[in-house]
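Worksheet: the structure to be examined is printed underneath.
Throughout, read-outs are computed from the coordinates displayed, never taken from laboratory work. Since this is a predicted model, take the numbers as computed values, not measurements. Cβ sites come from the backbone with ideal geometry, for glycine too, and all protein chains shown count toward neighbours.
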Amino acid sequence: MTVNNQSDAIKLVLTCDLGASLNKIIAQIYPDAVPQVITMSPEVADVEKESVKGLAVDASSQDAAWVGIGSEYYVLGSLAKSIFGGTSAIRDLKYQYALPKLAGLLWLTCQHFNLKEADIFVHLLLPSGEYKDGKTLGKQLSVALKQGIITPTGKLKLKQRNFYVSLEGAGVFSYRRRTLDNAYYRQTIGMLMLGYRNASFTVVKGGNHIKAESTDWGMNWLVQRFVDHTAVGLSKDDLRVPEALVEASLGNCELLRSLSRKTKSADIESDLALFQESLHLARREYCRALVRWIRNIASVDEVLICGGTGEFVRQELTEYFEQEGIPIVWNGGVNIPTVLDTNNLGSRLADVWASHINHIEMLDQHFSYDRQQPLVSEPQPQPQKIVELASAKSDLWKGYLPMKEGL
């Protein structure tokens, strides 16, 4: 590990999940400050420099930013959507807009902690198909910070001390490994991650990754099917649609009713009946597609299911895996402390929170810091500590990308 330990500057540790429906960061002043969740809407818009002149950004809202990187300028979050027609770029690779998104989130984090300057240690989660892009991205961020990233409050005064990349789902897998102890190495475990943009299925056998596949079957696919079935002028890009579908699945149909563009009460109720029927059909189609796909990948001893979309179709997935006699461990058993989950994101934080735990453990090891207390003070079940085998220690550091000063 090549991390400069000579600086007395504040150490800011960030674990980042650039989700298609929400950007999430767990940030912490190292070593003992309480971790905080920072979020920002996923929309991004590339703009001209003149477009951000005088553009007011309320940092306290935690949902908007703009950044200048070289000659390129970007508006992010709610401002990107409301003013510049920004999109969440679901069809694009996460890597494509990762640099401005990270820059915007870094600025929001500094505003949140009232930091003027700091040394930063970044841990980024990327899909398996984009994992190798992480090394290039780390260098790009380092160069951008040295050149000076422009923000609403001036240039970011941050020094990148390390940039670490891991696969999405690695946090959940590592948490489950600790719980199972040595039994982890005797099982074949599948992990189904269901996000807004896509679905991925990873298989680990004997502690080794043997297969990883992904598809476009995220929540976005289900929303599109719902819109197609209703055929009453709804748009899959209308953020009210997925919110209404989630609420309807919980028994609250008011948001679903509000999607109707009709004016007469009878017509609105007719639309509501259509929406409910279309939602049930779209859910069935979605789960059939998932099950068909999973069957062709591998047989497993247990499956870990995580992601917000997984919760949305929890009943259907539970019924399928129970019929197959395959135990489900939701979110790998990761517990989200209520004091951390200030935005009520629940299981959507499972992977990034477990990954942040790993990140802090790696820094503790490097800095020889003897941590006596958990990262949060709230009582919660902790995964069993295990004596690391040489292979386990190697896994912990797999994907670590040291960034030396001057790169």
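Tabulated results
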{"item": "Stretchable slack from ASP341 to LYS211, in nm (0.36 nm times residue separation minus alpha-carbon distance)", "result": "43.6 nm"}
{"item": "Per-residue Cβ neighbour rank within 10 angstrom, fewest leading, VAL241, VAL334", "result": "VAL241, VAL334"}
{"item": "Whole-number Å³ per residue for the convex hull built on Cα positions in the chain", "result": "147"}
{"item": "For the stretch 170-334, the spread of Cα positions along each principal axis, largest first, Å", "result": "63, 28, 26"}
{"item": "Those residues of the stretch 218-257 whose amide nitrogen sits under 18 Å from the label point placed on GLU277, 7 Å along Cα→Cβ", "result": "225-234, 256-257"}
{"item": "Computed Rg/Rh of the stretch 106-231, alpha carbon atoms with Kirkwood Rh", "result": "1.10"}
{"item": "Unit charges at the beta carbon, dipole of the stretch 170-334: most positive-side option, HIS229, ALA298, VAL241", "result": "ALA298"}
{"item": "Among GLY308, GLY70, GLY332, residue whose mean-square fluctuation peaks in a GNM of the chain (springs only between Cα atoms under 10 Å)", "result": "GLY70"}
{"item": "More than 18 angstrom apart: percent of Cα pairs within the stretch 266-326", "result": "45"}
{"item": "Exposure proxy ranking, count of Cβ atoms within 10 Å, fewest first, for GLU168, GLU319", "result": "GLU319, GLU168"}
{"item": "Pairs of alpha carbons in the stretch 80-142 whose separation is greater than 17 Å (percent)", "result": "50"}
{"item": "Inter-label distance, nm, simple model (7 Å from Cα along the C-beta direction), GLN323/ASP370", "result": "5.6"}
{"item": "In nm, spacing of pseudo-spin labels at ARG284 and LEU239 (7 Å Cα→C-beta vector)", "result": "3.3"}
{"item": "Most fluctuating residue given options THR342, THR39, THR87, as computed from a GNM of the chain linking Cα atoms under 10 Å", "result": "THR342"}
{"item": "The chain: most fluctuating residue of ASP133, ASP267, ASP92 per GNM, C-alpha cutoff 10 Å", "result": "ASP267"}
{"item": "Nearest-0.05 FRET efficiency for SER61 and ALA298, computed from C-beta distance (R0 51 Å)", "result": "0.70"}
{"item": "Distance between modelled label sites at ASP8 and THR153, nm, 7 Å Cα→Cβ extension", "result": "2.3"}
{"item": "Pairwise FRET efficiency - ASN182 versus ALA33, Cβ, R0 = 45 Å, nearest 0.05", "result": "0.85"}
{"item": "With at most 13 other Cβ atoms within 10 Å, longest stretch of the chain clear of loop trypsin sites (Lys or Arg not before Pro) (DSSP)", "result": "133-260"}
{"item": "Burial ordering of GLU72, GLU322, fewest other beta-carbon atoms within 10 Å first", "result": "GLU322, GLU72"}
{"item": "Among beta bridges that DSSP assigns inside the chain, antiparallel share in %, nearest 5", "result": "65"}
